[in-house]
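Asks: One structure, pasted below without further comment.
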């Protein structure tokens, strides 16, 4: 894995992204090597060059991070989420 900073847009203009979103793109560089580039308009482009194996390993870690983020965010937004401070107050009221 190599950090590529900055990424000159002219160096990837001839490459077709194999995956992209509004701010990121993945380019196949050949020889089992890939470049993930953050293409944010307001900042210089930066990238990470990964081997094919590195793509699988980083992808697995990102899936784990997404699960963690999803569980954390969704648990705070569920209608039946109980605020621990509210639960203590309710229990005290019930005992009176």
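Bear in mind these aren't lab numbers, they're just calculated from the coordinates by the rules spelled out. None of the values given here were measured: they were computed from a predicted structure. Cβ coordinates were reconstructed from backbone atoms using ideal geometry, including for glycine residues, and neighbour counts include every protein chain displayed.
Asks: Would you be able to tell me the number of residues in the stretch 27-37 that are assigned to a strand (DSSP E or B) and without any contact (Cβ under 8 Å) to a residue 12 or more places away in the chain? Lay out the reasoning, then the answer.
Replies: From the stretch 27-37, those assigned to a strand (DSSP E or B) are 27-30, 33-37; that's our starting set.
Remaining after also requiring without any contact (Cβ under 8 Å) to a residue 12 or more places away in the chain: 30.
Going through the stretch 27-37 one residue at a time, the tally reaches 1.
Asks: Can you pull out the residues in the stretch 2-20 that are surrounded by fewer than 10 Cβ atoms within 10 Å (Cβ to Cβ) and under 22 Å from the mean Cα position of the chain (by Cα)? Give the derivation first.
Replies: Applying the first criterion (surrounded by fewer than 10 Cβ atoms within 10 Å (Cβ to Cβ)) to the stretch 2-20 yields 3, 10, 13-14, 16.
3, 16 - these are the residues of the stretch 2-20 that are surrounded by fewer than 10 Cβ atoms within 10 Å (Cβ to Cβ) and under 22 Å from the mean Cα position of the chain (by Cα).
Asks: Same structure again: Of all residues in the stretch 1-26, which are part of a loop (DSSP other than H, G, I, E, B) and in contact with a strand residue (DSSP E or B) (Cβ under 8 Å, 6 or more places away or on another chain)? Spell out how you get there, then give the answer.
Replies: Of all residues in the stretch 1-26, those part of a loop (DSSP other than H, G, I, E, B) come to 1, 5-8, 13-16, 21-23.
Correct list: 1, 5, 6, 7, 15, 16, 23.
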